[in-house]
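The values are calculated or read from the model by the stated rules, or taken from the named source; none is laboratory data. As the structure is a computational prediction, the values presented were derived from the model and not from experiment. Glycine gets a Cβ as well: all are built from the backbone with ideal geometry, and neighbour counts include every protein chain shown. Just so you know, the surface numbers come from the protein's heavy atoms only, side chains and all, with ligands and any DNA or RNA stripped out. Shrake-Rupley method; radii C 1.70, N 1.55, O 1.52, S 1.80 Å.
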Amino acid sequence: MSAAQAPRSLFGGQICREARRRAARCPHRSFSSTTRYTQQQPPPSRNPQDAPGTTHFGFETVPESAKEQKVAGVFSSVAGSYDAMNDFMSLGIHRLWKDHFVRNLNPGRNPLTSSPSSPQGWNILDIAGGTGDIAFRMLDHASTINNDAHTKVTVADINPDMLAEGRKRALATPYARSPRLNFIEANAEKLDMIPDNSVDLYTVAFGIRNFTHKDVALREAYRVLKPGGVFACLEFSKVNNALFDTVYKRWSFSAIPLIGQLVAGDRDSYQYLVESIERFPSQTEFRDMIKDAGFLVPGQGWEDLSLGIAAIHKGVKPAAPK
């Protein structure tokens, strides 16, 4: 079954278990059953002309200098429940999307089919990948599918709590103390520690919509990639079916913040996350941003997953002229 056709997952048992666990640990905690969906004003245009020095944080306009700290607070709050968060945001199929994303990229250099003069392995940079979800899949694929024991992944994230979660999870993999996996704290808009033309594959999954200056991050991706290197982004996007879009938005704005309160004791972070999806550029708009950064875009530039709940975008850095 493809990621685009995967059925909706059911979370009732998980929600109840998490709620009971939270209630036992914090019996005094309460929450309002009133959702913000019905009260929420329509969001501003997806490409607002924000005042100089301001940007959006969900539907809120904030100083650019404040957004990074606000986003950090969100992800510090959800780091320990990150998988559950993505389950609720994606109706449970983010795991299938990630598997499809990695298979489609086919990371690694198979020694049986590569030229003897080719470099060993790929150098992969996974941005906003703190928990290691994509990195572990990349290394597993390179090792088991392409017989490549040399491909390495650097996981970069601006949030130390997410990186700590990734390092903890890495202990359950073969890569915990391997030179093939590295975690670094870094801002995607300023990757000074990554040399020019040094990366074969740059990935970012469910992260770029939280960046303050997406155009700057795209230019940094272009800089660090080798000529011929690939930029690949998996992100929530715009549903392409009007009826399903209505249902999905009702779920997102009504249910997800409430579930966030139940499961993580944090309604506001989940409210921001659904608002950030609404504010993210459409598929065509984001494709054009990738082009503007200098990338060549194959085909239409993206692949919709599950009627556009998410999309995979790609760009290729042009090969250096001979």
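Go over the candidates ASP196, ASP140, ASP215, ASP148 one by one and state the one that is touching a Lys or Arg at 6+ places or on another chain (Cβ under 7 Å) and surrounded by fewer than 19 Cβ atoms within 10 Å (Cβ to Cβ).
Checking each option against the conditions leaves just ASP196.
Which residues, taken from the stretch 121-162, are of a type outside the set (S, T, N, Q), assigned to a loop (DSSP other than H, G, I, E, B) and within 15 Å of the chain's Cα centre (by Cα)?
Hits for the stretch 121-162 are ALA128, GLY129, GLY130, GLY132, ILE158.
Working carefully through the options LYS314, LYS291, find the one that is of a type in the set (Lys, Arg) and more than 16 Å from the chain's Cα centre (by Cα).
Of the residues listed, the single one that is of a type in the set (Lys, Arg) and more than 16 Å from the chain's Cα centre (by Cα) is LYS291.
Select, from VAL274, VAL247, the only residue that is open to solvent by less than 20 Å² (accessible area, probe 1.4 Å) and either of a type in the set (A, V, I, L, M) or not in a helix (DSSP H, G or I) (or both).
After ruling out the rest, the residue left standing is VAL274.
I need the full set of residues from the stretch 176-193 which are part of a loop (DSSP other than H, G, I, E, B) and either more than 21 Å from the chain's Cα centre (by Cα) or surrounded by fewer than 17 Cβ atoms within 10 Å (Cβ to Cβ) (or both), in order please.
Once the filter is applied, which keeps residues that are part of a loop (DSSP other than H, G, I, E, B) and either more than 21 Å from the chain's Cα centre (by Cα) or surrounded by fewer than 17 Cβ atoms within 10 Å (Cβ to Cβ) (or both), the stretch 176-193 yields ALA176, ARG177, SER178, PRO179, ARG180, ASP192, MET193.
Which of the residues belonging to the stretch 105-123 are surrounded by 12 or more Cβ atoms within 10 Å (Cβ to Cβ) and at pLDDT below 80?
Correct list: SER114 only.
Any residue in the stretch 275-298 that is over 12 Å from LYS214 (Cβ atoms) and without any contact (Cβ under 8 Å) to a residue 40 or more places away in the chain sitting within a Cβ distance under 7 Å of a residue that is open to solvent by less than 30 Å² (accessible area, probe 1.4 Å) and in a helix (DSSP H, G or I)? List the pairs, counting only those 6 or more apart or interchain.
Pairs that qualify, where the first residue is over 12 Å from LYS214 (Cβ atoms) and without any contact (Cβ under 8 Å) to a residue 40 or more places away in the chain and the partner is open to solvent by less than 30 Å² (accessible area, probe 1.4 Å) and in a helix (DSSP H, G or I), are VAL297/ILE290.
Out of the stretch 163-175, which residues are surrounded by 13 or more Cβ atoms within 10 Å (Cβ to Cβ) and assigned to a loop (DSSP other than H, G, I, E, B)?
Within the stretch 163-175, THR173, PRO174, TYR175 meet the criteria.
In this structure, does ALA255 turn out to be assigned to a helix (DSSP H, G or I), open to solvent by less than 30 Å² (accessible area, probe 1.4 Å) and either under 28 Å from ALA186 (Cα atoms) or in contact with a Leu (Cβ under 6 Å, 6 or more places away or on another chain) (or both)? Lay out the reasoning, then the answer.
Values: assigned to a helix (DSSP H, G or I): yes; open to solvent by less than 30 Å² (accessible area, probe 1.4 Å): yes; either under 28 Å from ALA186 (Cα atoms) or in contact with a Leu (Cβ under 6 Å, 6 or more places away or on another chain) (or both): no.
Judged against the criteria, ALA255 is not a match.
Under the condition of being assigned to a helix (DSSP H, G or I) and hydroxyl-bearing (Ser, Thr, Tyr), which residue from the stretch 278-316 is most open to solvent (accessible area, probe 1.4 Å)?
THR284
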